[in-house]
Amino acid sequence: MREALRLDERYLRMVTEGSRAPRHGDRLQEIGVKERGEIGLRAWTVMNRFLEFIKRGGQQPLPESEFPVLLG
């Protein structure tokens, strides 16, 4: 799926690592406002590309000319 959406593993790592800690109660694992904003932006970008992939039939990777690979 990463290849179809043209997303580097490092690009996704921030989102997945940011979602591991409990969201309620464990305040020691809190992340900063800037980092939360970047995580939200990356999550939105992944979802946007996924919806575009589905809209285009979900069979072929997104074209690189319109969707360059997003790196870490």
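The values are calculated or read from the model by the stated rules, or taken from the named source; none is laboratory data. All values reported here derive from a predicted model rather than from experimental measurement. Note that we place each Cβ from the backbone using ideal geometry, even for glycine, and neighbour counts take in every protein chain shown.
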Which of the residues spanning region 28-72 are basic (K, R) and over 12 Å from Y11 (Cβ atoms)?
K34, R36, K55, R56
State which residue is modelled with the lowest pLDDT when the search covers only region 17-40 and only residues that are exposed (fewer than 12 other Cβ atoms within 10 Å of the Cβ) and assigned to a helix (DSSP H, G or I).
L28
Sole exception among (1) under 13 Å from L7 (Cα atoms); (2) loosely packed, with under 15 Cβ neighbours inside 10 Å; (3) without any contact (Cβ under 8 Å) to a residue 40 or more places away in the chain for T45, by number
(2)
Would you please list the contacts, defined by Cβ atoms under 6 Å and residues six or more apart or on different chains, that run from a residue in region 1-15 that is at positive phi to a residue that is outside any helix (DSSP H, G or I)?
R6/L62; R6/F67; R6/V69
Residue that is surrounded by the most Cβ atoms within 10 Å (Cβ to Cβ), among those in region 48-72 that are over 18 Å from T16 (Cβ atoms) and among the basic types (K, R):
R56
